[in-house]
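Shown next, in C-alpha cells, is the structure this report addresses.
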Amino acid sequence: MKYILTAIVCITLLVSCGESKEEKATLKTKTTTVKKSKVVAKKEMVVVDADGVVNVNMITADRMWFNLKKITVKAGQKIKLTLTHTGKLPKSVMGHNVVFLKQGVTTSAFASEAAAARDNDYIPEGTTAVIAYTKMLGGGETTTIEFTAPAAGTYDYICSFPGHYGIMKGKLIVA
Ligand SMILES: [Cu+2]
C-alpha cells in the first residue's frame, strides 16, 4: 500500500512538473513574439521610400496620445503623413489632428486661438502660423497629407482639439 501511494505521489509530481515546464515554455514564446512585433511596429512608423518620400504613420486613439513624439527629416524632403484614429469615440468628443507650427509660434497661444475655431475643425481661419495640418478625425478614421519639410530647425506639432495640446505634442526635427 505504501509503495502504491509513493508511486502515485511520484507520478503526480512528475506530471505536474512536466506541465509547468510546458507552460513556462509557452509563456516564453508568447513574450518573445510580442517583443518582436513591437520592434517591427516601431521601425515601420517612419519609412523613407524609393522616391525619397518620408512616410510617417501617426497613430492616435480614444485618449490624448500620439505614437510619435519626434519625427526627424531632412530639409526639402517630401513628407507623407498618415494619421489614424484607432478609437471609437466621435470627433466631437475625442477628435484628433496633427498641426505643424511655424517657428516662433507659441503652442499655447495657437491652441487657444484654435479652440475658438470649432466651426473650422479647430484651425483658426486664415492662419499663417501653420506649415501643414490634417483634418480633425474621429474614431476609426484615417487621413493623409503631403508637405515639404521646411528649412533646418525644430518645429512643434500638436493636436489642436481643445485641451489636447499639452499632452498631444511632439517635435519635427529638420536636419
Ligand atoms: Cu487630440
**Message:** Taking θ = phi - 60°, what integer Hz values does the Karplus form 6.51 cos²θ - 1.76 cosθ + 1.60 yield along the range 116-125, in sequence order, with x for Gly and Pro?
**Reply:** 7, 9, 4, 6, 10, 6, 6, 10, x, 4
**Prompt:** How much length is gained on full extension from residue 49 to residue 147, taking 0.36 nm per residue of separation minus their Cα-Cα distance?
**Reply:** 33.8 nm
**Item:** Using θ = phi - 60° and Karplus 6.51 cos²θ - 1.76 cosθ + 1.60, couplings along the range 129-142 (whole Hz; Gly, Pro as x)
**Value:** 8, 10, 8, 6, 7, 8, 6, 7, 10, x, x, x, 9, 9
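Output the pairs from 102/169; 80/171; 70/102; 91/135 with a Cα-Cα distance over 20 Å in this structure; if there are none, say none.
Numbers: 102/169 14 Å; 80/171 16 Å; 70/102 16 Å; 91/135 11 Å.
From the list (102/169; 80/171; 70/102; 91/135), the Cα-Cα distance tops 20 Å for no pair.
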**Prompt:** residue 141's amide H: which non-local residues (gap 5+, or another chain) put their own amide H closer than 5 Å, with H modeled 1.01 Å from N in plane and none for Pro or chain starts?
**Reply:** 85
**Asked** Within a Cβ distance under 10 Å of residue 149, other residues only, what is the Lys/Arg minus Asp/Glu net charge?
**Response** +2
**Fill in**
Sorted by chain and number, the residues with a modelled amide H under 5 Å from that of residue 59, at a separation of 5 or more or across chains, are 67, 68, 84
**Request:** Step through the residues of the range 45-53 one at a time and calculate ³J(HN,Hα) from phi using the Karplus curve (6.51 cos²θ - 1.76 cosθ + 1.60, θ = phi - 60°), rounding each to whole Hz and writing x for Gly and Pro.
**Result:** 6, 10, 10, 8, 8, 4, 8, x, 7
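No value in this document is a laboratory result; all are computed from the given coordinates. Keep in mind that what you see is a predicted model, and the values were worked out from it rather than measured. All Cβ positions, glycine included, derive from the backbone under ideal geometry; neighbour counts span all protein chains shown.
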